[in-house]
1. Going highest first, how would you order 361-372, 101-112 by mean Cβ packing within 10 Å?
2. Students often forget the sequence filter, so: which aspartates and glutamates lie under 17 Å Cα-Cα from Lys55 once same-chain residues fewer than 8 apart are removed?
3. Considering amide H positions built from the backbone, and no H for Pro or chain starts, which residues 5 or more places from Lys355, or on another chain, come under 5 Å of its amide H?
4. What are the ³J(HN,Hα) couplings of the range 30-41, residue after residue, when phi is run through the Karplus curve with 6.51, -1.76, 1.60 and θ = phi - 60°? Round to Hz, x for glycine and proline.
5. Hey, quick one: spin label on Arg49, modelled 7 Å out along Cα-Cβ, who in the range 84-105 has an amide N within reach, i.e. under 18 Å?
6. Can you tell me how much longer the chain between Ile137 and Ser64 gets when fully stretched, taken as 0.36 nm per residue apart minus their C-alpha distance, in nm with one decimal?
7. Provide the packing ranking of 334-347, 220-233, i.e. peptides ordered by the mean count of other C-beta atoms within 10 Å per residue, highest first.
8. Over the range 178-319, with every protein chain in place, what whole percent of the accessible area is carbon and sulfur at 1.4 Å, could you tell me?
Amino acid sequence: MALSGPENTRNCSCPNTLQCLRALPEKLWSKLVEVTKIAKKFGQDHPRRLIHSFKVGVALVMISTLHHFRPSFYAFGDNIMWAVLTVVVVLEFSVGATLGKGLNRMLATFLAGALGVGTHCLANLSGHKGEAVLTPIFIFLIAGTVTLMRFSPRFKVRYDYGMIIFILTFCLVSLSDEKESEMLEIAHERLLTIIIGSCIAVMVCICICPVWAGEDLHNEIAGNMEKLANFFEGFSDEYFNNSDTTQTVQDKSFMHRYKSVLSSKSSEETMAVLARWEPCHGKFKFHHPWKQYLKIGNQTRVCAYKIEALSSYLLHSKQNPHEVQSMIQESCTIISSECGKTLKESSLGVRHMTKSSMPNQHVANAKNAVESLKSVLRTNPWEGADYVDIIAVAAVASLLIDVVDCTEKICEAIEELASLARFVPSQLLHQGTVQPISKRDDSIHVITIDEITPRLYE
């Protein structure tokens, strides 16, 4: 007799359950392998993030080790947790961010604790009723004043985190019900634990694979100029449809890399602020002119916006008759080539912190090409051509003329940076003659060396 109801369902599901249980280890293993591959790929793509996670773990282990093996920490009691919180909050990705947060937290805690204890003692002197009136007044005045200071760009950029900690600490101390002696002891212990946590965070951040915000800013500025240079080097071939030198579609990604420059302002400003907290490291000394990098970045973005306008004409360049384009082809090719060389040499100079006269020479060549282009435009060589085609080609010529001005301003900003940061002049091999060497066959060979500028990236 066939089974029905719950017993039939139970018997039918038993084989499926057994199969699921047998397949469970294989599924868990496949998931583990998949997660391992994802973690490995993440580590390969973002090694510095992986190292930062490791540094956070090391810092917390150091705190716990000190807590268990240093008897002096037992005196702190539960306040040791402030060291743990400080490490978690203060330890940032870069050295500048960690130093900035650590110093802000220590200084704000000290000032707010001292001021809070002072106002609390002053309120206690006025009696129970006076304390109920003076404490809210002190909190209102001081917290409101500090909050107002947070809106000031001068203070907000570097001390915003410190002012938040100041308000929080001051309110906690002012509203405490502890006695004055106990309050001083608690404030002293918390301040020491916060200092210990901040020092451990800074030490770990600097000693284990440090990430310098200033170095990242330096490399980003140089890299952005190189992206613009790559666009100019390939612009003339793309626009004038030179099939002999035009690269394949797969190799044209460099024509779009400039777009990342358009949105780089926020990251550059953040890195410049963090770099000012960092000590001297490598080739960057104290009082390095980090603000000058922002000027170079602003001029680079202006040039990138010109490129954005030029790239819109590349989409319709094939629709313009070759006869119309050929009138300005020679001058525009020289301009785009010289601007690309200028930005390439400037990028190399910034990256290696060397001064060179080559960018100025390329700018002079581009200016000569601009004058030649203007003379061609004044003669109106497109009589009888379609006005739509003339406007498009003339717009490209006008944009290239503006690009030369942008490139010149970038070079001026870099020269100012080189002067402030004391860049080293690039080494040149001056013109000379090698002395003749006589061989057995009495033949004499004379080698003459012209002035050579070695490539900076070799």
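1. So the peptides 361-372, 101-112, ranked by packing, come out 101-112, 361-372.
2. Qualifying aspartates and glutamates at Cα under 17 Å: Glu92.
3. Val424, Ser426
4. Going residue by residue, I get 5, 5, 4, 5, 5, 5, 5, 5, 5, 5, 5, 5 Hz, with x marking Gly and Pro.
5. So the set is 92-95.
6. Working: separation 73, 0.36 × 73 = 26.28 nm, distance 4.05 nm.
Full extension from Ile137 to Ser64 adds 22.2 nm.
7. 334-347, 220-233
8. The nonpolar share, carbon plus sulfur, comes to 56 percent.
The values are calculated or read from the model by the stated rules, or taken from the named source; none is laboratory data. Small disclaimer: the values here were computed from a predicted structure and weren't measured. Ideal geometry is used to build each Cβ from the backbone, glycine not excepted, and the neighbour counts take in all protein chains shown. Each accessible area value is taken on the protein alone, full model and side chains, heavy atoms only, with ligands, DNA and RNA left out. Shrake-Rupley method; radii C 1.70, N 1.55, O 1.52, S 1.80 Å.
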